[in-house]
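No value in this document is a laboratory result; all are computed from the given coordinates. Predicted, not measured: the structure shown is a model, and the values here were computed from it. Here the Cβ is made from the backbone with ideal geometry for all residues, glycine too, and neighbour counts use every protein chain on show.
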Amino acid sequence: MEETRLILNNNTNYNPVCAKEYAKNGGYEALKKAVQMTPEDIINTLKESGLRGRGGAGFPMGLKISFVYKTPSDQKYVVCNADEGEPGTNKDRVIFETVPHSVIEGMIISGLACGADKGIIYLRWEYPQVNELLTKALESARKNGYLGKNILGSNHNFDIEIYIGAGAYVCGEETALLESIEGKRGEARFKPPFPGVVGLWGKPTLINNVETLANVPLILTNGPAWFKKFGTEKCPGTKLFTLCGNVNKPGVYEFPMGVNLKDLFAFGGEVKKGKLQAVQLGGVSGSIINAEQLDVKMDPETLASKGLTLGSGAVLFIDDSEDMIDLLENIMEFFVHESCGKCTPCREGNMRLLELIRKFKDHSATLEDIDTMMDLSETMICASLCGLGQASPTAIVTTIRNMKKVFTDRIKEEQNNG
Amino acid sequence: MVKLTIDGQQVEVKEGSTILDATKKLNIWIPTLCHHPDQAVKANCRMCVVDVEGQRVLQPSCAFPVTEGMVVHTHSQKVRSARSNILELILAHHNQDCLHCPRNENCELRIIAEKMGFNKKLRFPLHIKEGMDTSSPSIVRDLSKCINCGRCEYACNEIQTVFAITKENRSFDTLYTTPFGMDLASSPCINCGQCVQACPVGALTIHDDTEKVWQAIDSDKLVVAQVAPAVRITLAEALGEEPGSISTGRLVTAMKQLGIDVVFDTDFTADLTIMEEGTELLGRINNGGVLPMITSCSPGWIKFCETYYPDHLANLSTCKSPQAMFGALLKTYYANKIGKKPQDIYSVSIMPCTAKKYEANRPELGRDGYADIDVVLTVQELAKMIKSAGINYKDLPDTQFDDPFGLGTGAGEIFGATGGVMEAALRSVYEIVTGEELKNLDFTEVRGFEGIKEATVPVGNLNVKVAVAHGLGNARKLMDAVRAKQVDYHFIEIMACPGGCIGGGGNPIKNWEKMAKRLKAVYEEDKNLPRRKSHENPAVSELYKQFLGEPNGHKSHELLHTHYFNRSDILK
C-alpha cells in the first residue's frame, strides 16, 4: 500500500518556510482565487467538499465557518488549534515542518470567508522548533503580500500571530484554549454559547485543527469534486495517521479516510517482537481493541458504529510483551495529572479510576470493582463538562468491553478460586 | 416565550431561561451546588444534570438554555445514576464531621444527600484535604470541607473584587485558597464574609467567639452590649422566622435572659456619627478640605481602601465607625459615670458584620492598654447562643434598650441599608445649614439595590453632589472614577457588603430575594420611630452638653475620630 499525499507535499526539495518557493510549487493559488470570491462562495465550496474537522470531533468545516460568518461583530478571529497534546500524535508538527504555508493559507482563506482579519496560532509549548519555523514562514508570507494589509492587492486584511501555550493538555479543548489565550486558567467553558458566536474576548471565533486548515487550500485549488474522490462518502479527503508504539516503522503517514487498520498495521511493518496484543485508536483518550478486531475501516462512521473513535489519528500498536494494566495505569495517571479540576466527574472520577486500576495491579481488586469502573465511567462520559472528562474513561471502558480477561486475571485470588 | 416539556408536563418560560428556571416554575426540585441565585452560571458541580432529548450527553440544567419544543427528563435512570455518582464522588472527598459542623443545620450538601435519599456505603476510600486556617479574627477556612463549587471565589473576586481567593493546583488537588497559600490574615481579605455567605457547606464559617461571651457573663465583669441597626432586622430570621421580621424588643429581652447586664443601641452612635461626620463634611466644604469625603462606617471598606486605594486615605472621614465610637464612650464616659474601672467593663458588640471583629482588634481603637471592644458577635453567633440557652425567641416579650445610650432615631436605624448613612446625613445637614425644616425626609434616589446611586441635593446655596456604592466591586468602579478625577462629588457613602449592613457576612445566609424583605423592614422601622433625624436625638444632645462639648471638638477628636494606614504592602 502506498501513501496518498495531498497535504504532505511529495516535493521536499524546497525550503518550507519560504512563501515564494511554496508559491512556485502551486501554493497560494487558492488564496488568489479566494480574494476574488464572495464569502458565501468560499463557504459553499467548503460545504460542498464535505470537509470535516480533523481534531477529533469531525464537525463539518463549512457549517462551522457559516456560523461565524452569520454572527455580526466588529471583530472576529480565526484560531488555529496547534496544541497537539494528544499523546502519540505528531501530525500537526509534521504538517508545520513540511508545509507550514498551507496552514497559513488555510487560515487566511477562512478569515476571508467568515469576516475575520486576525488569526492566532495556538502552538503547544513543547514545539519550540515549530515556533521558530512558523515565525519565519509568517514573516515570509507578510513580505510577499499574502499577509497583512491589502492581501494580494485586494482590500482584504489578515494577519496571524503565534500564541505559545503553557503545557496543559486541556488547552487543546477549544474553549479552554480560548481561556488560555485570554490569560486565564486553562478550563473549559460551558457551551452554548459556542465559540462561533461568543469566542475569544467574547467575539465570534473560528477554531480549527491544523490538519483541517491545511485541507482548505487544496479544496479551493482543485475543487470539491476532486476532494471527494478521496476518502469515504461521509468523510472525504485524507487523514494523517501517527503510527506509534511497538511498531517497526513508526511515523506520520497520509492515507485516504477509511483506510483499513490492518493495512496500516502491515504498512507499519507489524510489531517488533512477539504478537500484536491490542491497538489504541486516537491517542490516550481513544478506544482499545484486541488483535482480532484489526479488520476495520478508519473513518468516523465505521468506527462509531463499532463504538470506537478516530480521534486525532494516533494509532498505538501494543505487542503481547506489554502489561495492559500498566498501560491503563499510565493512561489514568496522565488524566489525573491533566484534568483541570473544574467539574466534579472529571476532577474526582479520574483519581478514583486510577485507584481502581491500581487495585488490579496489586491483585486486590474484586469483580465488583469492574462494575464500579463501568458505572463511574458512564457518569464521567455523560456528565463531565468537556471532552477531557468525557473521553478519559474510554481506554478502561473499551478494554473491559474488548479484553475483559485483562481484569478478571487480576482479581483477588480467593475470589478467583471461589 | 418558549414552550417545552419537562417530565411530561408542559411549561412556558421566557426566552433565555435555563432548564432550571423552567423546573422551578413546575415546582420540580433539582439538586444544585455551584449554582447560586445571585451569581453567574458556573456549571461545574454537575449535580443538576438532566436528560435533554437529542443531546448526546446529560446537560447541566443551571446553564442549559431552553428551546422551543425541548423535551427534558429530570429523573431518568441515566440522570439518577449520574447524580448519585457525582454526590458519592463529592462525599468521598469531603470531611464528614457533620454532627459537629457549624453548618450542620443548613449545609446544602447534607440537605441534597438527604433529599436524594442517598444512603449507600461509599465505594471509594475517603480522602480529606488538609488545611484549617483560623488566622483571621473574622473567618475560619476549613479546606477539608471544600467541595470546589467556586461560589466563594465568585463572591470574593467577581462581586467584591478583593482577590483574596484563588484557584490553585489541578485535578484532584484543585483548591480554592488564598494567593500563594498565605494565611487569610496576611492575605488581601478584607473580612467582609461574603464568601461565608456564598459557601454551601462548612468550608467557610464565621470565627466563633461565643465562648468568650459566656465566660464574661460568668465572670464578675459588667457585660455591656451594643446592638447594631441591622441586627434587629435579621436576628429573628437567623432563628427561623421570615426574612424582614423586626424583633427589636425581643432581642433586648433575649440578651438580658442570656445574662448580659446592659444592652445599648448602636443606633445612638449612628446618630452621633451623623453629628460628627456632617460637621466634618461642612468643614471640608467650607474650608477647602479634601473632597469627596467618603464614609468610614464599614470596616470591610476601610481595609479595602487601605489596601487598594491608599492614595485616597485623606478622603476617608476621620470619624470612627458607630461601633468604635460606642466602644470609646463605654470605657471612658460611661465607666466614669457608673463609677467603674474600664477594665471591669466587658464590652460586647452584636453586629451583622464579620469585619467588625477585625475592626475591634485594631490597636488604634483602644487606650491605656485595653481595647474599647472586647468581643464582637455576629447575628449568627448571637442566634446560636439564644438557641443553646433554650430561649424561645418567638414568644419573648419586648424590653427597652437601657439608658443612657438606648435611644436612636430612624436616621440611625437606616444605617443598616445601603444609602442609609447618606440619607441620614442629608436629613441633618440640610436642616443645620438652612435652618429650615425638611419637608420630605425620604431621599429615595439613594435607596435601593442599584450598584452605584447618585443624587444632587440643594442645601442652601450649594448643590451637594453625592454618590452611594455598595458591594466592593461597585466601590472599585466608583473609586476608579474618583482617582481618575472623572467625578466631582462632595460626599460618597461606601458599604463593603452588597445591600449594606443587612447584607453583611454575619447575617443568616442570604440571597437578593431575602435582601429585598430585609430592606423593606429597615425603612418600616425608620417610619415607625418617633424621631427620624439624628440632630433631634435628645440623648445625643445630652452627651454633647455633659461631656463632648461640640461636634468635632477637642473631646470628640480624642475619642470619636481615628486615622488610617497604607496597607498596599499586602499586595506585594
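What the table below lists for this structure:
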| item | result |
| --- | --- |
| Ellipsoid equivalent to the range A:158-286 - semi-axes via the Cα gyration tensor, in Å | 33, 22, 13 |
| Kirkwood hydrodynamic radius of the range B:126-206, from inverse mean 1/r over distinct Cα pairs, in Å | 12.4 |
| Inter-centroid distance (Cα atoms) of the range B:114-154 relative to the range B:341-404, Å | 30 |
| Simple label model, 7 Å out from Cα along Cβ direction - A:Asn222 to A:Glu3, nm | 1.5 |
| Spacing of the two label points (7 Å from each Cα toward its C-beta) at A:Glu270 and A:Lys143, in nm | 5.1 |
| Of A:Lys70/A:Lys184; B:Lys78/B:Lys121; B:Lys115/B:Lys212, those spanning more than 25 Å from alpha-carbon to alpha-carbon | A:Lys70/A:Lys184; B:Lys115/B:Lys212 |
| Order of A:His101, B:His207 under a 10 Å beta carbon neighbour criterion, fewest first | B:His207, A:His101 |
| Centroid-to-centroid separation of the range B:439-473 and the range A:202-225 [C-alpha atoms, Å] | 57 |
| Cα gyration tensor shape for the range B:2-91, rounded if a/c is under 1.5, else prolate or oblate | oblate |
| Length-normalised contact order of the range B:2-91 in % [C-alpha pairs under 8 Å, at least 6 apart] | 34 |
| Shape parameters for the protein assembly as shown, alpha-carbon atoms, Rg then Dmax in Å | 33.9, 106 |
| Per principal axis, descending, Cα span of chain A in whole Å | 80, 45, 36 |
| Within the range B:269-305: backbone nitrogen closer than 20 Å to the B:Glu550 label point (7 Å, Cα to C-beta) | B:272-289 |
| Using distinct alpha-carbon pairs, which all enter the 1/r mean, Kirkwood radius of the range A:325-369 in Å | 10.8 |
| Global geometry of the range B:199-260, whether rounded, prolate or oblate, following the gyration tensor of its Cα atoms and the 1.5 cut on a/c | oblate |
| Chain B - percent relative contact order, Cα under 8 Å, separation 6 or more | 16 |
| Gap separating the Cα centres of the range A:312-334 and the range B:491-508, nearest whole Å | 57 |
| A:Gly199 long-range amide H proximity, modeled H, under 5 Å | A:Thr205 |
| Radius of gyration and Dmax over the Cα atoms of the range B:303-394, both given in Å | 15.9, 50 |
| Set B:Lys3/B:Lys520; A:Lys228/A:Lys297; A:Lys359/B:Lys129; A:Lys149/A:Lys191; A:Lys203/A:Lys239; A:Lys118/A:Lys228 screened for pairs whose C-alpha atoms are more than 25 Å apart | B:Lys3/B:Lys520; A:Lys149/A:Lys191; A:Lys203/A:Lys239; A:Lys118/A:Lys228 |
| In degrees, nearest ten, helix B:379-388 long axis to first principal axis of chain B (Cα) | 80 |
| Two-decimal ratio, the range B:74-146, of alpha-carbon radius of gyration to 2.2 N^0.38 Å | 1.27 |
| Charge dipole of chain B about the Cα centre (unit charges at C-beta), most positive-ward option of B:Ala425, B:Gln197, B:His100 | B:His100 |
| Distance between modelled label sites at A:Gln129 and A:Ala166, nm, 7 Å Cα→Cβ extension | 2.7 |
| Debye-sum result for the range A:245-368 in log10 I(q)/I(0), which assumes one identical scatterer on each alpha carbon, at q = 0.15, 0.20, 0.22 Å⁻¹ | -0.79, -1.16, -1.26 |
| Extension reserve of the B:Asp311-B:His563 stretch, reckoned as 0.36 nm per residue once the Cα distance is removed | 89.3 nm |
| Stokes-Einstein D (µm²/s) once Rh is taken as the Kirkwood radius of the range B:198-346 over alpha-carbon pairs, at 10 °C in 1.306 mPa s | 88 |
| Relative contact order (percent, whole number), chain A, Cα cutoff 8 Å, 6+ residue spacing | 16 |
| Backbone N under 13 Å from the A:Asn155 label point (7 Å along Cα→Cβ), restricted to the range A:19-54 | none |
| Other-chain or far-sequence residues with amide H under 5 Å of A:Ile120's (modelled H) | A:Val78, A:Val79, A:Cys80, A:Glu161 |
| Normalised alpha carbon radius of gyration of the range B:440-510 [divisor 2.2 N^0.38 Å] | 1.21 |
| Kyte-Doolittle mean at least -1.0 and Cα axial length at least 24 Å: DSSP H helices in chain A | A:344-361, A:367-383 |
| HN-Hα J in Hz across the range B:476-483 - Karplus 6.51, -1.76, 1.60, θ = phi - 60°, x for Gly and Pro | 4, 4, 5, 5, 5, 5, 5, 4 |
| Under 19 Å from B:Lys303, Cα to Cα: lysines that are on another chain or at least 8 residues apart | B:Lys320, B:Lys356, B:Lys357, B:Lys477, B:Lys572 |
| Among the listed pairs A:Lys64/A:Lys342; B:Lys331/B:Lys533; A:Lys275/A:Lys404, those beyond 30 Å (Cα-Cα) | none |
| Mean projection area, nm², convex hull over Cα of the range B:423-572 | 12.1 |
| Whole-Hz ³J(HN,Hα) from phi, Karplus 6.51 cos²θ - 1.76 cosθ + 1.60, for the range B:22-35, glycine and proline x | 5, 5, 5, 4, 8, 6, 8, 8, 10, x, 9, 10, 7, 6 |
| Hydrodynamic radius of the range A:77-229 per Kirkwood, over alpha carbon pairs, in Å | 15.7 |
| Rg to Rh, two decimals, where the range A:266-317 supplies the alpha carbon set and Rh follows Kirkwood | 0.95 |
| Dipole-positive endmost among A:Gly111, B:Val231, B:Gln59 within the protein assembly as shown (Cβ charges, Cα centre) | A:Gly111 |
| Hull-based mean projected area of the range B:211-568, where the convex hull spans the alpha carbons, in square nanometres | 16.6 |
| Linear extension gain, B:Ala516 paired with B:Lys477, 0.36 nm per residue minus alpha-carbon span | 11.7 nm |
| Cut-off under 5 Å, modelled amide H: who pairs with B:His561 long-range | B:Lys320 |
